[in-house]
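A short write-up of the structure that comes next.
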């Protein structure tokens, strides 16, 4: 029996301070794990570091993206890469340890659990046992309101609609035609969540502690957030008009 392959995809921009440590922790989870870093040609040399480390570690891969850059496009291309190379399970996560590798086996186990079959597992701050650490009251309120907005507009029943920490069955990604993903930025999270729910595929959430990054700087800005929530409106409109 062929051993299954779990590919952890990590879209990056200027994550040289984090990426090698994160990759080591992911690969240490077991021989079935591989890591793909989808880097948007980071000026801090993120892709170069991964490429050099990968010469001694065949399970560590890098994709240096010089065109069509952006969080959404990087995520899409990483998913397609993993599927083309025979992944059975695909994990997507941030590089800054806000999504900690220790939760990945739990997410995979939930995907495998007998009974109510699911095709997507979210690392969630919104379910019992989950938390949003190191956040002020205002940011927590914004998170709650944003989730309410997405749940109502898109009609999805999950608690953490903004979670970018996700574990997919390969068949789920194929079913929702991940290669046709159009979101350029972080709204890829909502786009693929919505498409999965519309396809009638089961979605589960497992609790995580989300922690703000310690090293490096976030590329998420207010403008990017606003564009993301505008994309949610676009998704609703496309669904209503039969274009999705």
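List, please: which pairs have Cβ atoms under 9 Å, are six or more places apart or on different chains, and start with a residue in the stretch 126-150 that is closer than 13 Å to residue 210 by Cβ and end with one that is assigned to a helix (DSSP H, G or I) and modelled with pLDDT of 80 or more?
Pairs that qualify, where the first residue is closer than 13 Å to residue 210 by Cβ and the partner is assigned to a helix (DSSP H, G or I) and modelled with pLDDT of 80 or more, are 126/144; 126/147.
Residue by residue through the stretch 75-111, note down the ones that are touching a helix residue (DSSP H, G or I) at 6+ places or on another chain (Cβ under 6 Å), crowded, with 24+ Cβ neighbours inside 10 Å and assigned to a helix (DSSP H, G or I).
Matches in the stretch 75-111: 75, 79.
Within the stretch 21-73, track down each residue that is free of Cβ contacts under 8 Å to residues at least 60 places away in the same chain, assigned to a loop (DSSP other than H, G, I, E, B) and buried (at least 18 other Cβ atoms within 10 Å of the Cβ).
40, 42, 65, listed by residue number.
Report whether or not residue 148 is in a helix (DSSP H, G or I) and farther than 27 Å from residue 46 by Cβ. Spell out how you get there, then give the answer.
Working: in a helix (DSSP H, G or I): yes; farther than 27 Å from residue 46 by Cβ: yes.
Answer is yes for this residue.
Being part of a loop (DSSP other than H, G, I, E, B) and modelled with pLDDT of 85 or more is the requirement here; does residue 156 meet it?
Working: part of a loop (DSSP other than H, G, I, E, B): yes; modelled with pLDDT of 85 or more: yes.
For residue 156, the condition - part of a loop (DSSP other than H, G, I, E, B) and modelled with pLDDT of 85 or more - is met.
Is it fair to say residue 214 is under 26 Å from residue 128 (Cα atoms) and either part of a helix (DSSP H, G or I) or at pLDDT 95 or above (or both)? Give the steps one after another, and end with the answer.
Numbers: under 26 Å from residue 128 (Cα atoms): yes; either part of a helix (DSSP H, G or I) or at pLDDT 95 or above (or both): no.
So residue 214 fails the test.
Would you say residue 236 is modelled with pLDDT under 90, within 28 Å of residue 19 (Cα to Cα), over 17 Å from the mean Cα position of the chain (by Cα) and not in a loop (DSSP other than H, G, I, E, B)?
The answer is no for residue 236.
Checking residue 123 against (1) touching a residue at least 60 places away in the same chain (Cβ under 8 Å); (2) farther than 24 Å from residue 102 by Cβ; (3) in contact with a helix residue (DSSP H, G or I) (Cβ under 7 Å, 6 or more places away or on another chain), which single condition isn't satisfied?
(2)
Looking at the stretch 128-140, is at least one residue surrounded by 18 or more Cβ atoms within 10 Å (Cβ to Cβ), touching a strand residue (DSSP E or B) at 6+ places or on another chain (Cβ under 6 Å), part of a loop (DSSP other than H, G, I, E, B) and at pLDDT below 95?
Among the residues of the stretch 128-140, at least one is surrounded by 18 or more Cβ atoms within 10 Å (Cβ to Cβ), touching a strand residue (DSSP E or B) at 6+ places or on another chain (Cβ under 6 Å), part of a loop (DSSP other than H, G, I, E, B) and at pLDDT below 95, which makes the answer yes.
The values are calculated or read from the model by the stated rules, or taken from the named source; none is laboratory data. Since the model is a prediction, treat every value here as computed from it, not as a measurement. Heads up, the Cβs are rebuilt from the backbone with ideal geometry, glycines too, and the neighbour counts pull from every protein chain shown.
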